[in-house]
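The values are calculated or read from the model by the stated rules, or taken from the named source; none is laboratory data. If you're wondering where the values come from, they're calculated on a predicted model, not measured in any experiment. Glycine also receives a Cβ, built like all others from the backbone with ideal geometry; neighbour counts cover every protein chain displayed. Calculation scope for accessible area: heavy atoms of the full protein, side chains included, ligands and nucleic acids excluded. Shrake-Rupley method; radii C 1.70, N 1.55, O 1.52, S 1.80 Å.
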Amino acid sequence: MPLPVPEGAFSEGMPDREGASVQETFELFSASAPKGWRVELIEGEIYVVPPANGEHEEIVSELNGQVRDHDKGVGRYTGIGLSLPGTTDAVRVIPDLVIAPKGSFDDQQEWHAPDPVLLVAEVTSTSTARRDRVQKIRAYARGGIPLYLLIDREAGEAVVCSEPSGDDYGHKSIHKLGTVVALPHPLGFALNTSAF
């Protein structure tokens, strides 16, 4: 279910675009989103996501730091837009964290192909949990992203998805938060979730 947009959040300067396609509407919302908000297009639905809370950002920061400590040769990106294949239209997502070789996104593009991506991570929020657990698994698998790490705060779990095939991942392992989680190739290190 799409998130409700606060009244007045996009009213100033929004042109009247009656009959606009979903893609055109998505582009309008993206261009008009307040700073810190994310606008995503998943399976034909537009989602407007408010800035995350502090706990969410602490987890993303801890993930970022552990990846850096493991391999200083990879880039750790927040706010990178990915363009993924969808069933009918392209999917546009902004993961909480993208791991890719350094220099993978050193251009002026807003939306990037998933080819260099090694891992995407999402940390659930009340407003995003269902998408993170269902639609984004499909989107990231279709994009051929080798690893999807879901930190599910509500369930108290870390879910590691690997071996993308079609609309799903061939292997999923579920771990209680607070334990050490093995991240397989192409990262191949033990993630300590005790700080989550």
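The table that follows gives values for the structure above.
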| quantity | calculated |
| --- | --- |
| Among beta bridges that DSSP assigns inside the chain, antiparallel share in %, nearest 5 | 85 |
| Rg [Å, one decimal], Dmax [Å, integer] - the range 142-196, C-alpha atoms | 11.3, 33 |
| Among Pro101, Thr128, Tyr140 - extreme Cα towards positive end, dipole of the range 99-187, charges at beta-carbon | Thr128 |
| Listed residues Pro51, Pro164, Pro146, most fluctuating in the chain (Gaussian network, C-alpha, under 10 Å) | Pro51 |
| Lys, Arg +1 and Asp, Glu -1 on Cβ, resulting dipole of the chain about Cα centre, debye, nearest 20 | 540 |
| Protection proxy ranking, peptides 116-125, 88-97, 184-193, average beta carbon neighbours within 10 Å, highest first | 116-125, 88-97, 184-193 |
| Among Asp106, Asp71, Asp132: highest mean-square fluctuation, GNM of the chain, C-alpha pairs under 10 Å | Asp106 |
| Most positive-pole-ward Cα, Val49, Thr78, Val39, against dipole of the chain from beta carbon charges | Thr78 |
| For the range 29-123: span of alpha carbons on each principal axis (Å, largest first) | 38, 30, 24 |
| Around Phe26: net Lys/Arg minus Asp/Glu count, Cβ-Cβ under 11 Å | -4 |
| All lysines inside 20 Å of Lys102 as judged from Cα atoms, apart from same-chain residues fewer than 8 positions distant | Lys72 |
| Directionally averaged projected area (convex hull, Cα atoms, the chain), nm² | 11.1 |
| Point-charge dipole on Cβ atoms (K/R +1, D/E -1) for the range 113-196, about Cα centre, debye to 20 | 160 |
| Mean accessible surface per residue for the chain, computed with a 1.4 Å probe while every protein chain stays in place, in Å² | 50 |
| Surface share of carbon and sulfur [accessible, 1.4 angstrom probe, percent] for the chain | 49 |
| Helix-derived mean residue ellipticity, 222 nm - over the chain, DSSP H n ≥ 4, -39500 (n - 2.57), to 500 | -6000 deg cm²/dmol |
| Among Ala20, Ala100, Ala158, residue whose mean-square fluctuation peaks in a GNM of the chain (springs only between Cα atoms under 10 Å) | Ala20 |
